[in-house]
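The values are calculated or read from the model by the stated rules, or taken from the named source; none is laboratory data. Keep in mind that this is a model prediction, so the values were computed, not measured. Here Cβ is always computed from backbone atoms with ideal geometry, including for glycine, and neighbour counts include all displayed protein chains.
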Amino acid sequence: MNQFTEGLMRVQDASLKLHRSQDQPTSIMAARQIVNLIPEFKKRVIAFAMSKGHQGFCDAEMNDFFGEISSSYRTRRAELTREGVIVNSGRTRTYGSNRQHIIWIHKDYK
């Protein structure tokens, strides 16, 4: 890959916010590999939120449900939160540890 192509891909990645500017090359490549899956991940997060109803969910619970150890689903939840689809319920609860976690819900259950 020449410098122009690499630079163009970095501009594209930055405009899509696929990764942080200081990320290692392996993280950059991983971000590029999932870009086409983002809409599917968002659909799954929305469906999960709807299934939880008023009870809601925390990020750790969502990751356990999807069997995920990376941040793919949490990142999609954060994007959906910025878009107003998933909202903070104003509640917290413990899940898997003694730490309190924010409970997220679909906007229709607010």
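Quick rundown of the values:
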read-out	value
Tally of residues being touching a residue at least 24 places away in the same chain (Cβ under 8 Å), small (G, A, S) and either surrounded by 14 or more Cβ atoms within 10 Å (Cβ to Cβ) or part of a helix (DSSP H, G or I) (or both) across segment 68-110	2
Segment 47-62: number of residues that are surrounded by 19 or more Cβ atoms within 10 Å (Cβ to Cβ) and farther than 14 Å from I103 by Cβ	0
Filter result for the condition that a residue is at pLDDT 65 or above, touching a Lys or Arg at 6+ places or on another chain (Cβ under 8 Å) and outside any loop (DSSP other than H, G, I, E, B), over F65, F41	F41
